[in-house]
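**Q** What follows is a single structure, and I will ask about it in a moment.
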Amino acid sequence: MNSNMKKTISDNMIWLILVALIIIMSIARPVFFTVANARTLLTGESIKGILAFGVALAILTKGIDLSIGASAALIACVTGALVQPADLATKVLPGVGPLPAIVVIIIGLLMGAVIGAIMGAIIAYTKMPAFIATLGGQLICRAAAKIFTSRPVSNLSDSYRFLGSGKIGGFPVIILVFVVVFILAWFILNQTRFGKSLYAIGGNDQAARVAGINVEKNLVITYILVGLCAALAGILLAGRAGSADPANSGLNYELDAIAAATVGGTSHTGGICKVTGVLCGILILGVINNGLVLIGVDDNYTNIIKGIIIVAAVALDMRKNTRKA
């Protein structure tokens, strides 16, 4: 085997793993390899996938965001309350009646951007470790959601639910939104100066400063984008479920998102990320989740398998970086 072929196999190993998993699951349960099940798989993973594209940007800069699941829950509860029938909305948010879905969605996205900007500013300007800053953000957002409403917010308008549960020509809108976010993430990282700056910051932030990159500004923008992904995920989550639960909506979603980005080759040492790799990571975890459910494996064993895969992915990443060094 020549060096070029070895490099090709190495560069595409994650996709080969995905194909192998699909073949194994299809043999174990033939129903796995059907259009209907593929639609179910993608629908189930779209929300976590959107979060994964966002958190991958943070990881690229040697950061992390543990607040995305909780902020998604907070935004789901607030936006859900704003589209309820008038009598229900006023109970949750006194003085405010039901608003048009498009207005509420914009409000939700603005909330996500503000939360992300706060996280980014704390990380960029105080030099606080991203893990600590966003862990604090996670606790605050989850508590704020519970303070906002002590019970699930339901009876959401059909127009609000469209993004999460609607269909266009029989095709789920939520998958289309996922694809759009994937395209935008790819464009940002590969076709913009901002994307190139993130690679530079993640590789060596001091060298990036010398090169004239405003590190703090770019970090704030990064976490704003992560916040927007969390907001969109929260809106989709509420729309798909038909309700928003302050205690359980988005619970541990940040862990699945980080796992997908990690499995997809995004390096926690910074400077390395391929959006197509993150997409593959999302699909790998989706295949594992979906396939093991079809086989009838207990959820606890599924989490054990996912944990092993995550640890293995990080170990391989560290080994690659050691070789390069």
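**Q** Quick one: which residue in 9, 17, 27, 59 is part of a helix (DSSP H, G or I), closer than 30 Å to residue 272 by Cβ, outside the structural domain of residue 313 (by TED's automatic domain parsing) and without any contact (Cβ under 8 Å) to a residue 24 or more places away in the chain?
**A** Answer to the selection: 9.
**Q** Being touching an Asp or Glu at 6+ places or on another chain (Cβ under 9 Å) and within 16 Å of residue 43 (Cα to Cα) narrows it down to one residue among 283, 236, 292, 251; which is it?
**A** 283
**Q** Which residues, counting only those in segment 112-124, are surrounded by 19 or more Cβ atoms within 10 Å (Cβ to Cβ), more than 17 Å from residue 139 (Cβ to Cβ) and more than 16 Å from the chain's Cα centre (by Cα)?
**A** Selection gives 120, 124.
**Q** Does segment 220-243 contain any residue that is at positive phi, in the same structural domain as residue 100 (by TED's automatic domain parsing) and either surrounded by fewer than 22 Cβ atoms within 10 Å (Cβ to Cβ) or in contact (Cβ under 8 Å) with a residue 24 or more places away in the chain (or both)?
**A** There is at least one residue in segment 220-243 that is at positive phi, in the same structural domain as residue 100 (by TED's automatic domain parsing) and either surrounded by fewer than 22 Cβ atoms within 10 Å (Cβ to Cβ) or in contact (Cβ under 8 Å) with a residue 24 or more places away in the chain (or both).
**Q** Which numbered condition trips up residue 250, out of (1) part of a helix (DSSP H, G or I); (2) under 30 Å from residue 158 (Cβ atoms)?
**A** Exception for residue 250: condition (1).
**Q** Look through segment 248-275, keep the residues that are more than 17 Å from residue 229 (Cα to Cα) and polar (S, T, N, Q), and return whichever of them is surrounded by the most Cβ atoms within 10 Å (Cβ to Cβ).
**A** 266
**Q** When you go through 178, 187, 182 one by one, which is the residue that is within 22 Å of residue 273 (Cβ to Cβ), surrounded by fewer than 13 Cβ atoms within 10 Å (Cβ to Cβ), in the same structural domain as residue 42 (by TED's automatic domain parsing) and modelled with pLDDT of 95 or more?
**A** 187
**Q** Continuing with the same structure: Quick one: how many residues across segment 208-242 are in a loop (DSSP other than H, G, I, E, B) and in contact with a Leu (Cβ under 7 Å, 6 or more places away or on another chain)?
**A** Count: 1.
**Q** So, residue 281, is that one buried (at least 23 other Cβ atoms within 10 Å of the Cβ), in a helix (DSSP H, G or I) and in the same structural domain as residue 313 (by TED's automatic domain parsing) or not?
**A** Against the criterion (buried (at least 23 other Cβ atoms within 10 Å of the Cβ), in a helix (DSSP H, G or I) and in the same structural domain as residue 313 (by TED's automatic domain parsing)), residue 281 qualifies.
**Q** Moving on to the next point. Out of curiosity, is residue 278 at pLDDT 95 or above and closer than 30 Å to residue 198 by Cα?
**A** Values: at pLDDT 95 or above: yes; closer than 30 Å to residue 198 by Cα: yes.
Yes; evaluated as a whole, the condition is true for this residue.
**Q** Does residue 72 satisfy the criteria of being over 23 Å from the mean Cα position of the chain (by Cα) and in contact (Cβ under 8 Å) with a residue 24 or more places away in the chain?
**A** Spelling it out, it is not the case that residue 72 is over 23 Å from the mean Cα position of the chain (by Cα) and in contact (Cβ under 8 Å) with a residue 24 or more places away in the chain.
**Q** Quick check on residue 72: is it assigned to a helix (DSSP H, G or I) and either within 13 Å of residue 153 (Cα to Cα) or at pLDDT below 95 (or both)?
**A** no
The values are calculated or read from the model by the stated rules, or taken from the named source; none is laboratory data. Treat the numbers as computed from the prediction; the structure is a model and nothing was measured. No Cβ is skipped: glycine too gets one built from the backbone with ideal geometry, and neighbour counts run over all protein chains shown.
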